[in-house]
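Undergrad: Mind having a look at this structure? Questions to follow.
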Amino acid sequence: MARMHTRRRGSSSSDTPVADDPPEWSDVDTDAIEKRVVELAEEGYGPSQIGLKLRDEGVQGTPVPDVQLATDKKVTEILDEHDAGSELPEDLRNLLERAVRLREHMAANPGDAQNKRALQNAEAKVRRLADYYRGDELNEDFKYTYERARELL
(Lines give C-alpha, C1' and ligand atoms only; values in the text may rest on other atoms or scores of the structure.)
Protein backbone atom coordinates (compact mmCIF):
# COMPACT_ATOMS: atom_id res chain seq x y z
CA MET A 1 0.00 0.00 0.00
CA ALA A 2 1.56 3.30 -1.01
CA ARG A 3 1.65 6.07 1.51
CA MET A 4 -0.14 9.27 0.63
CA HIS A 5 2.15 11.95 2.06
CA THR A 6 5.61 10.34 2.12
CA ARG A 7 8.28 9.35 -0.37
CA ARG A 8 8.75 5.90 1.14
CA ARG A 9 7.58 2.75 -0.51
CA GLY A 10 4.47 1.02 0.75
CA SER A 11 4.49 -1.93 3.11
CA SER A 12 3.98 -5.44 1.79
CA SER A 13 1.16 -7.46 3.29
CA SER A 14 -0.44 -10.80 2.57
CA ASP A 15 -4.08 -11.37 1.78
CA THR A 16 -6.34 -13.23 4.16
CA PRO A 17 -7.12 -16.78 3.07
CA VAL A 18 -10.26 -17.14 0.98
CA ALA A 19 -13.04 -18.70 3.04
CA ASP A 20 -16.67 -19.21 2.14
CA ASP A 21 -17.95 -20.77 5.35
CA PRO A 22 -17.26 -20.05 9.01
CA PRO A 23 -15.04 -22.69 10.68
CA GLU A 24 -16.82 -25.67 12.24
CA TRP A 25 -15.47 -24.89 15.71
CA SER A 26 -17.17 -21.48 15.70
CA ASP A 27 -20.86 -22.40 15.68
CA VAL A 28 -22.33 -19.39 17.47
CA ASP A 29 -25.94 -18.46 16.77
CA THR A 30 -26.37 -15.57 14.33
CA ASP A 31 -28.81 -13.76 16.63
CA ALA A 32 -26.35 -14.00 19.54
CA ILE A 33 -23.61 -12.47 17.40
CA GLU A 34 -25.87 -9.61 16.28
CA LYS A 35 -26.96 -8.97 19.86
CA ARG A 36 -23.32 -8.84 21.04
CA VAL A 37 -22.38 -6.49 18.17
CA VAL A 38 -25.13 -4.05 19.22
CA GLU A 39 -24.09 -4.31 22.90
CA LEU A 40 -20.47 -3.49 22.04
CA ALA A 41 -21.58 -0.54 19.88
CA GLU A 42 -23.63 0.84 22.78
CA GLU A 43 -20.52 0.57 24.98
CA GLY A 44 -18.79 2.93 22.54
CA TYR A 45 -16.74 0.57 20.37
CA GLY A 46 -16.34 1.20 16.65
CA PRO A 47 -16.88 -1.45 13.96
CA SER A 48 -13.22 -2.49 13.72
CA GLN A 49 -12.90 -2.72 17.52
CA ILE A 50 -16.08 -4.82 17.63
CA GLY A 51 -14.57 -7.25 15.12
CA LEU A 52 -11.40 -7.55 17.22
CA LYS A 53 -13.37 -8.10 20.43
CA LEU A 54 -15.49 -10.82 18.83
CA ARG A 55 -12.36 -12.46 17.46
CA ASP A 56 -10.53 -12.35 20.82
CA GLU A 57 -13.33 -12.73 23.40
CA GLY A 58 -16.05 -14.26 21.29
CA VAL A 59 -19.74 -14.74 22.04
CA GLN A 60 -20.72 -17.15 24.81
CA GLY A 61 -17.05 -18.13 25.11
CA THR A 62 -16.66 -19.11 21.46
CA PRO A 63 -14.50 -16.86 19.24
CA VAL A 64 -16.03 -15.46 16.07
CA PRO A 65 -13.17 -15.20 13.54
CA ASP A 66 -15.20 -13.39 10.88
CA VAL A 67 -18.55 -11.71 11.53
CA GLN A 68 -19.41 -11.51 7.84
CA LEU A 69 -18.92 -15.25 7.32
CA ALA A 70 -20.92 -16.09 10.44
CA THR A 71 -23.87 -13.76 9.80
CA ASP A 72 -23.72 -12.93 6.06
CA LYS A 73 -23.65 -9.25 7.09
CA LYS A 74 -20.87 -6.80 7.82
CA VAL A 75 -20.61 -5.25 11.29
CA THR A 76 -21.71 -1.88 9.90
CA GLU A 77 -24.77 -3.47 8.25
CA ILE A 78 -25.77 -5.04 11.57
CA LEU A 79 -25.35 -1.69 13.32
CA ASP A 80 -27.42 0.11 10.67
CA GLU A 81 -30.23 -2.44 11.00
CA HIS A 82 -30.41 -1.86 14.75
CA ASP A 83 -29.91 1.94 14.54
CA ALA A 84 -26.76 1.63 16.64
CA GLY A 85 -24.33 2.97 14.05
CA SER A 86 -22.40 6.21 14.28
CA GLU A 87 -23.46 9.25 12.27
CA LEU A 88 -19.90 9.47 10.89
CA PRO A 89 -18.00 6.74 9.03
CA GLU A 90 -15.31 5.22 11.25
CA ASP A 91 -12.34 6.22 9.10
CA LEU A 92 -13.49 9.84 8.89
CA ARG A 93 -14.15 9.94 12.64
CA ASN A 94 -10.63 8.66 13.38
CA LEU A 95 -9.08 11.27 11.09
CA LEU A 96 -11.15 14.04 12.68
CA GLU A 97 -9.99 12.93 16.15
CA ARG A 98 -6.38 12.99 14.97
CA ALA A 99 -6.75 16.46 13.41
CA VAL A 100 -8.37 17.86 16.58
CA ARG A 101 -5.68 16.31 18.78
CA LEU A 102 -2.92 17.74 16.56
CA ARG A 103 -4.56 21.17 16.47
CA GLU A 104 -4.69 21.23 20.29
CA HIS A 105 -1.04 20.14 20.44
CA MET A 106 -0.08 22.92 18.03
CA ALA A 107 -1.87 25.50 20.18
CA ALA A 108 0.28 24.44 23.13
CA ASN A 109 3.48 23.98 21.07
CA PRO A 110 3.52 26.52 18.22
CA GLY A 111 7.17 25.83 17.30
CA ASP A 112 6.66 22.14 16.61
CA ALA A 113 7.28 22.06 12.85
CA GLN A 114 7.02 18.28 12.52
CA ASN A 115 3.53 18.17 14.00
CA LYS A 116 2.53 21.22 11.99
CA ARG A 117 3.22 19.16 8.88
CA ALA A 118 1.35 16.20 10.37
CA LEU A 119 -1.64 18.48 11.00
CA GLN A 120 -1.57 19.70 7.40
CA ASN A 121 -1.48 16.10 6.15
CA ALA A 122 -4.29 15.00 8.48
CA GLU A 123 -6.52 17.89 7.44
CA ALA A 124 -5.82 17.19 3.76
CA LYS A 125 -6.91 13.58 4.31
CA VAL A 126 -10.06 14.75 6.11
CA ARG A 127 -10.99 17.01 3.21
CA ARG A 128 -10.33 14.25 0.67
CA LEU A 129 -12.39 11.73 2.63
CA ALA A 130 -15.18 14.28 3.16
CA ASP A 131 -15.35 14.72 -0.62
CA TYR A 132 -15.73 10.95 -0.96
CA TYR A 133 -18.55 10.69 1.60
CA ARG A 134 -20.34 13.95 0.76
CA GLY A 135 -23.89 13.27 -0.37
CA ASP A 136 -24.05 9.69 0.94
CA GLU A 137 -23.07 9.64 4.61
CA LEU A 138 -22.41 13.39 4.92
CA ASN A 139 -24.56 16.39 4.06
CA GLU A 140 -23.93 18.08 0.74
CA ASP A 141 -22.87 21.28 2.52
CA PHE A 142 -20.33 19.60 4.86
CA LYS A 143 -17.09 21.58 5.12
CA TYR A 144 -14.23 20.64 7.42
CA THR A 145 -13.31 23.21 10.04
CA TYR A 146 -11.68 22.67 13.41
CA GLU A 147 -14.78 24.00 15.20
CA ARG A 148 -17.08 21.69 13.23
CA ALA A 149 -14.85 18.70 14.00
CA ARG A 150 -14.94 19.51 17.73
CA GLU A 151 -18.74 19.71 17.52
CA LEU A 152 -19.03 16.33 15.78
CA LEU A 153 -16.76 14.61 18.28
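The values are calculated or read from the model by the stated rules, or taken from the named source; none is laboratory data. Keep in mind the model is a prediction, meaning the values are calculated, not measured. Cβ placement follows ideal geometry from the backbone for every residue including glycine, while neighbour counts extend to all protein chains displayed. In case anyone asks, the SASA skips ligands and DNA or RNA and just uses the protein heavy atoms, side chains included. Shrake-Rupley method; radii C 1.70, N 1.55, O 1.52, S 1.80 Å.
Undergrad: Go through (1) modelled with pLDDT of 90 or more; (2) over 22 Å from Arg148 (Cβ atoms); (3) open to solvent by 30 Å² or more (accessible area, probe 1.4 Å); (4) not β-branched (Val, Ile, Thr) for Ala107 and report which single condition fails.
TA: Looking at each condition in turn, Ala107 falls short on (2).
Undergrad: Here are some residues: Arg98, Arg150, Arg93. Which one is open to solvent by 100 Å² or more (accessible area, probe 1.4 Å) and within 17 Å of the chain's Cα centre (by Cα)?
TA: Residue meeting the stated conditions: Arg98.
Undergrad: While we're here: Within the stretch 68-81, can you find the residues that are loosely packed, with under 14 Cβ neighbours inside 10 Å and closer than 13 Å to Lys35 by Cβ?
TA: Glu81
Undergrad: I've got another one for you. Looking at Asp136, Asp131, Asp141, can you tell me which residue is in a loop (DSSP other than H, G, I, E, B) and within 18 Å of the chain's Cα centre (by Cα)?
TA: Of Asp136, Asp131, Asp141, the one residue that is in a loop (DSSP other than H, G, I, E, B) and within 18 Å of the chain's Cα centre (by Cα) is Asp136.
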